[in-house]
1. Residues of A:102-114, mean number of Cβ from any other protein chain within 10 Å of their own Cβ, rounded to a whole number?
2. In whole Å, what is the distance between the alpha-carbon centres of the stretch B:458-482 and the stretch B:399-421?
3. What would the Debye equation give as log₁₀ I(q)/I(0) for the stretch B:334-478 at q = 0.16 Å⁻¹, counting only Cα atoms as equal point scatterers?
4. For the stretch A:48-194, what is the percent of antiparallel DSSP beta bridges, rounded to the nearest 5?
5. Roughly speaking, what is the centre-to-centre gap between the stretch B:237-275 and the stretch B:699-726 when only Cα atoms are used, to the nearest Å?
6. Averaged over A:174-184, how many beta carbons belonging to a partner chain fall within 10 Å of each residue's beta carbon?
7. Can you show me the helix-derived [θ] at 222 nm for chain B, built from DSSP H runs with n ≥ 4 at -39,500 (n - 2.57) apiece and divided by the number of residues, rounded to the nearest 500.
8. Quick one: of the DSSP bridges fully inside the stretch B:733-773, what percent are antiparallel, nearest 5?
Amino acid sequence: MKKVNLLNLRKMKNIKFIAMAIFATVILTSCDDDDTPDPVNEEEVITTMTVTLTPNGGGTPVVLQTQDLDGDGPNPPIVTPTVATLTSGVTYNGVIVLLNETESPAENITTEVEEEADEHQFFYTIGSSLNATTTYTSFDGNGNNLGTEFTLTASAASSGNLTFTLRHEPTKPNTGLSDAGGETDIEATFNITIQ
Amino acid sequence: MSKYALLILLLCSITSISQNCKNTLSGKVIDQHDGTLLVEATIIIVGSEEVVQTDLNGKFIISNLCDGTYNVQVSHADCLTKVFIVKVFGNKTKNFKLEHHIEELNQISIKGKSYTDKSKTILESTISKKELENFSSGTLGDALNSLSGVSSLNTGNTVVKPLINGLHSSRVVIINNGVRMEDQEWGAEHAPNVDINSVGNLTLIKGAGALQYSGDAVGGVIVAESAKVPVKDSIYGKTLLTGASNGRGAVLTSQLTKTYQNGWYAAVQGTLKRFGDFEAPDYVLSNTGIFERNASLRLGLNRFDYGFEVYYSLFKNEIGILRASHLGGAQDQVRALNSDVPLVIDDFTYDISKPRQEVTHQLARIKGFKKFENFGKLSLQYDFQRNNRLEYDIRRGDDKASVDLELNTHTLLVDLDASLTDQIRLKTGVMAGYQENFPNPSTGVRRLIPDYDKYDLGIYAIVDYEFNDDLTLEAGARFDYTHMDVFKFYRTSFWESRNYGEQFSEIVVQELGNQISTNPKLNFYNVSGTIGATYEFDDKNKLFFNYSLASRAPNPSELFSEGLHHSASRIELGDLSFNSEIGHKIALTFQHEKEKLSFSMNPYINTINDFIVIEPTGVEQNLGGSFQVWEYRQTNAQLLGVDLDASYTFTENLSYNHQFSLVKGYDRTFDEPLISIPSVNTKNEIVYQNQKINNLRLSLQSDYVFRQNEYPNNNFEVYIPETETTETVDVSTPPDAYHLLNFNSSIDFKINKQSNLTVGFGVTNVFNTSYRNYLNRLRYYADDLGRNILLNIKFNY
């Protein structure tokens, strides 16, 4: 019986040793000092879209802007102006600029979109009550529509919505949003009056 | 050592010389794993010449025994020999349970009850080895899905999460080789990181009854173990190759085990799985391929009274997520829902593009045990797990992952399993754990799960008491303490909208313009318990009763989610003020087993206080358009249901199996149905099996899934500028009922004395039926899998 106990004792010691070794491992591996994490630079977010409409023959540009500084946070985008006024009979040269203002200085996302022009396209949706037409003036490497630049012709006096949609990985070429597919990166609607 | 043991046993048995020597000891010898009766088992009364064998029904009888305590040695060709201590005063009936070790290598058992380890008062069910091997090309979730009461929450067909009696994710605890899996199981699109081909035994406990593993399994516990190895000089292995038409891929899995008479053993196992795009009946499910590579290694020593094992496994999985499921806002959802076919259908390819997941899970474990005579078994285990999850979304610019999380977990366990008396067994132990989560900030996307350190301490005790041969009682309790030290960046706008500034001002570290860095420190004190009884009316009828109390601390996702969840195109918001959810589950099982007919019926009711649900609360606008907002909230929930299993043997070769599961889940506070509750389903199978024709087995299975008719209405409306209309986004209505027919067959060939070959052929979804499943998260975008023809070849050596 004694021998049995001795054997047990020896094994107990072994177990103890293993236990100690394991504890040591746990403690050693878990005690590396964590530095305080850094905030993440949000690279993907588009906070601001600015559409500058410059009258063809010169004059004061009309600036449409939607800005959502908290990205997918609870605050809705701020759209300015509440109602934008265009002049009947005037053709405007439109330029779209996208910014990520969560970074400082703000990052220009339009450049990224232009770099991947074949994977992006802007669409302009004119509400049925608004008398206006648009034409693409910027294209991707394959000659398909990109739409970061365009012209907008304001016809007879009217009012309605003008919606800008940016699709990522659309089918190109396409006849419009209905057969473009892809995913919506931006959808912003402005209230327009033509007078 | 065993000589001494034998000597002591002998000495003990000599002491029992007394007057009444007309007693009989009778009973059955039963396989501990699946309850089969063991024929020709040898029973020896140690210290006497008395040797008997069990008959064809596994029964034995020994007569002319005196009053006293005997050491009874029970052995069987396929099993480990075991010595039982039996008190005989008058005639005694006693059933002996042996552990199968040869058969076990080929068998997966799913059970609620178990070997003496797990829970004694919840019933078991099993999947045969053949059925398991049919899932070689599938997942752990697919295998479990074939059981009554288990369904799965899917993201496509490669991300399969088990759902037990209506509950999933953090409410289902998975124990892999004695290690609690910490693989970011909180996410609905995070499948368990376990290779189905590495599993030797799979045990399912529909409840929190298995307190030695955890106290927070509100839904249930799944225990996957490697096959046990015999103590003898041997080398054996298995190679299984499965090819499948759907996905045009194959799985190769192989394992080799070397064992020695002196107890040493080593085993290696590996799996390679490669599939391209899967196909629905009418189109290719673009970007749904999978590439999985797993390996595991174990080495150990198994002696009668001590042993140890070192185990390491590597699981690496690359899964494509249906391209058409990656969307922008609600406008895109409308387009997807209105389209009968997925918005993106490309030609078949093996390439896995974005969106995709890349998961690597490493598990290392060292375990030792020592048995002390007349006392019990003491085990010590340390394990380490590293889970690295990368999720790639379709994004502008570089190829960086959008989610890059590394979760490291260390756990130390000390367990004691002691027989206090002949009838009373005690299991008790302590668990200490440390976990650290590191979300890589270089993704350029705000952290989905914040940095945190988590400390766990748990202590439990379970007692089971064999009141008599018919009645066993079980009771257990567990206490867990969890401390979380978190570092989280909140969006200032969210922080303010939640009014956290007033509630949690003390946790603010720094204000950084549009973000606030915080350091929440959370403590959870959880009590869990179980109490149950098993009563055997006679040989054929048995009743199980179990009550379990489970307490689950909220997971990091429920506490800290705050932002757009791309794969669901919705904004998900957690709540810092959550407390633990508490589940009370009462389960009753009646089991009847006769030669021809056997069935079990398992009604249950699970009442959960402070149940954490996520549900839509509104629609938010951002530059991408409209997004539905889903917020976690705590409520009182109740799940009720019944699981039914039955089988009938017509003739020796022909049998019929039936399964039926029903579960209903309600939010009792708001008096509405819970979301994602499995619909009623029933499986019926006819099996023809003939051992004379090379063990030919043919089976035809019908799988009918009813439409879920109770669901919360989470639909919302969105304005579509192109059409100038307001459209309803129907994210609630469940798909229609469907019926699938599956065929399976296999035949064995003997190659030589040691080796045999099994060839299997099967077809799932024979009629190429188009269907969608309510519990598939991609059901909005595409049909489920079409016909799949499988061929598998297994070589045992």
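What follows is calculated from the coordinates using simple rules that are stated; it is not laboratory data. Because the structure is predicted, anything quoted here is derived from the model rather than measured. Every residue, glycine as well, gets a Cβ built from its backbone with ideal geometry; the counts of neighbours run over all protein chains shown.
1. Mean partner-chain Cβ count within 10 Å for A:102-114: 1.
2. The stretch B:458-482 and the stretch B:399-421 have Cα centres spaced 23 Å from each other.
3. Values returned for q = 0.16 Å⁻¹ are -0.96.
4. For the stretch A:48-194, the DSSP antiparallel bridge percentage is about 95.
5. Taking the Cα centre of each part, the stretch B:237-275 and the stretch B:699-726 sit 41 Å apart.
6. For peptide A:174-184, the averaged partner shielding equals 5.
7. Calculated at 222 nm, the ellipticity per residue is -1500 deg cm²/dmol.
8. Expressed as a percentage, antiparallel bridges in the stretch B:733-773 total about 100.
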